[in-house]
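A short worksheet on the structure shown next.
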Amino acid sequence: MKYVNISLDEGLKKEWIITNGIGGYASSTMSSANTRRYHGLLVAPLTPPARRHLVLSKVDESIEVGNKKYNLYTNVGKDYISRGYEYLISFEKEYIPIYTYQVEDIIIKKYICMEYGKNTVVILYQIYNQNKEAKLTIAPLLNFRDFHSNSYEHTFQMKQEEKNKKLKVILDGNSQTPIYLHVSEGKYQKHENNSFQNMFYLEEEKRGFCAEENHAIPGCYEITIEPNARKEITFVASLEENIEEINAKDVISKEVARLSSLVYDSGVTESLSEKRAIQDKETINKIQLLRDYIIATDNFIVYRPSFGLHTIIAGYPWFLDWGRDSLISFEGLLLKTKRYDIAKEVLLTMIRDIKFGLVPNGYSGYDNRPLYNSADSSLLLFEQIKKYLNYTNDEKFIKENFYEVMKKIIESYQNGIDVEGNDIYLDTDGLISSGNEHIQNTWMDAKIGNFVVTPRNGKAVEINSMWYNALKIMEELTTRFESKTKAIKYKKMALECQKSFVEKFYNKRRKCLYDVLGDSKIRPNQLFALSLTYPILEPNTEIAKEMFETVTTKLLNPYGLKTLAKGEENYIEVYEGDSFKRDMSYHQGITWPWLLGIYYDSFKKILVSEKNKTKKQELQVKYDAFVKSVKDTFAKELKEGKTIGGISEIYDSKKPYEAKGAYEQAWSVAEVFRIILENE
């Protein structure tokens, strides 16, 4: 993806991100100006993947030609914008971001890459000079703060030591975590307690947070560029000490090779090539799109050294690994890309800290404590274990590691669970009830203080759909691993659940399902009744068809499904304002792309189950139109949207469907990728 003729507005709005496989990342905008407190060229987890700290905010460059100095950087202040963007002639990102600047007849290319598995970022400068001597100046802007915080009005205390072009900087007495810088050549000019004052973050202002910040500038590097020279310069910033021998070109080559191998090993682009004997432009575009998706999936797969296992980051910049998000993303990120060994580790991560039958919904970003505010993560585990078996047929792994755990989860839900206020229990009607008005234990989990924005306590539609599905999967596995006789109890429980569900959840007046028994708001959660391996609603029934039609009419748009139908009480279609206003709208009408996945699965089941030939043909036309809309919308989004090479967490529910929330979200990428790939 290459961009030219970049306007200031476009350059400030479009963001990019690359990651290091342990929770760290580098991220900024196409203009190179940081517009969030979360932007930075080295955001490093101190206890991977958690405790992420901003270390290197950015690197500002200038070049002198003759007696004239040109600043290549773009920074935003409260009342100014520096004009380096005027020299930016192109921006590219396929594997890594590449900025190209031109000053007079000098070309400067800037490549940014992270060393995989390390808290290290490298920048490669390639300079093509003509007939005048020039001087490049590189100024690093450092910080050392939790990436959720802000160093506004902060005065930095710096200790620095330079030896053989390697600089060791201790900021604010953090002697346990020095910052190391190294430049392959040039002269270092030390600054005494210098700082960049009042960098202004446009996105933080929109979000109602402190929007100004200071950064430390320990000094700058000056490199002479001879006339007619072609020069390559390596800049390294790291929390690792031994960085003297790092060559940026080598790091970039390794990372491109690693990502390329993921694409190749997935077999995705190869199979598409084989289908098309002639490599026309359309086929090439499809191959590039699938390659871009596979690269995007890799951002979320990270290693937790304390577990010795891989896990899935829910989204960038601010989320860590969440059980629910990991399991919903599981198939699209790992199974579709044939990363089966990683898939095994992620499943093992899910059960590592299981407590009273609950899979952790996540881990604290500060003390690594498991969090259990989720009634659905444990039930989602059953679906992903079933999918893992579908892809691998690895019964031995599941039987040895999960079968007994799955039994205990079912028993726990039967007997009742009251951890962190979940209050989960199996009622006498065979349905699961969970939570109370003060607890948010479904995915619609916005909470402001003690106020739950979307209270869904009681018998929620998706929880009971998942419960039925889990029982049916246990029936299947018990038959496989033990005997049909021992499976009968799960079969009976499933039948009782299904009977009560059909009797109680159908809302005849609104032609849909109750979101929670007693709550007739039209929400997308009812699709779980159709989308899972074992749908609690038979897809060929009128109830299922009516429900699906209602969801289609009331909730579907090109970017996902709305979380609440227009016209319902407290409906909000634009995500904006301070944290209170945003939280009040989060699940009250805002569009979520990941919901396209359960809509798609439901659509397939209804299509397959339709026996009437004419109706089936009509459904096929609608299905094909839906798939085409997803492909077209998100192919464009990947290239022209807010995040270059990614998909955001949420979107406004009215045109132009502006991207909001986390700018790179795991389940958004996973579910859209799955739909596109399955229809190639």
Just to be sure before I move on: is residue 229 under 24 Å from residue 25 (Cα atoms) and not hydroxyl-bearing (Ser, Thr, Tyr) in the structure I sent?
no
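So which residues in the range 632-680 are among the acidic types (Asp, Glu) and more than 13 Å from the chain's Cα centre (by Cα), if there are any at all?
Within the range 632-680, 632, 637, 640, 652, 658, 678, 680 qualify.
Can we say residue 328 is over 12 Å from residue 262 (Cβ atoms), touching a helix residue (DSSP H, G or I) at 6+ places or on another chain (Cβ under 6 Å) and not assigned by TED's automatic domain parsing to the domain that holds residue 117?
Details: over 12 Å from residue 262 (Cβ atoms): yes; touching a helix residue (DSSP H, G or I) at 6+ places or on another chain (Cβ under 6 Å): yes; not assigned by TED's automatic domain parsing to the domain that holds residue 117: yes.
Yes; evaluated as a whole, the condition is true for this residue.
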Selection within the range 373-383 - surrounded by 23 or more Cβ atoms within 10 Å (Cβ to Cβ), closer than 15 Å to residue 444 by Cα and not charged (D, E, K, R):
374, 375, 377
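Taking strands (runs of 3 or more DSSP E) that fall entirely within the range 46-119, which contain at least 1 residues that are under 18 Å from residue 233 (Cβ atoms)?
Hits in the range 46-119: 50-65, 68-71, 97-103, 106-114.
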Out of everything in the range 461-495 that is of a type in the set (Gly, Ala, Ser) and in contact with a helix residue (DSSP H, G or I) (Cβ under 7 Å, 6 or more places away or on another chain), what residue ends up being surrounded by the fewest Cβ atoms within 10 Å (Cβ to Cβ)?
487
Looking at the structure I just gave you, is residue 439 modelled with pLDDT of 95 or more and either of a type outside the set (Val, Ile, Thr) or surrounded by fewer than 24 Cβ atoms within 10 Å (Cβ to Cβ) (or both)?
no
Somewhere in the range 323-331, is a residue modelled with pLDDT of 95 or more, more than 18 Å from residue 663 (Cα to Cα) and basic (Lys, Arg)?
yes
Of (1) closer than 16 Å to residue 345 by Cα; (2) touching a Ser or Thr at 6+ places or on another chain (Cβ under 9 Å), residue 377 satisfies all except one. Which?
(1)
Of the candidates 402, 397, the one satisfying the condition of being within 28 Å of residue 536 (Cα to Cα), hydrophobic (A, V, I, L, M, F, W, C) and out of contact with any Leu (no Cβ under 8 Å at 6 or more places or on another chain) is 397
When the range 1-31 is checked residue by residue, the ones that are touching a helix residue (DSSP H, G or I) at 6+ places or on another chain (Cβ under 7 Å) and of a type outside the set (A, V, I, L, M, F, W, C) are 11, 29, 31
With the checklist (1) buried (at least 22 other Cβ atoms within 10 Å of the Cβ); (2) touching a residue at least 40 places away in the same chain (Cβ under 8 Å); (3) over 16 Å from the mean Cα position of the chain (by Cα) in hand, flag the one item residue 1 doesn't pass.
(1)
For the range 424-439, give me each residue that is over 19 Å from residue 526 (Cβ atoms) and either outside any loop (DSSP other than H, G, I, E, B) or in contact (Cβ under 8 Å) with a residue 24 or more places away in the chain (or both).
424, 425, 426, 427, 439
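The values are calculated or read from the model by the stated rules, or taken from the named source; none is laboratory data. It should be emphasised that the depicted structure is a prediction, and the values quoted were computed from it without experimental measurement. Virtual Cβ from ideal backbone geometry, glycine too; neighbours counted across all protein chains shown.
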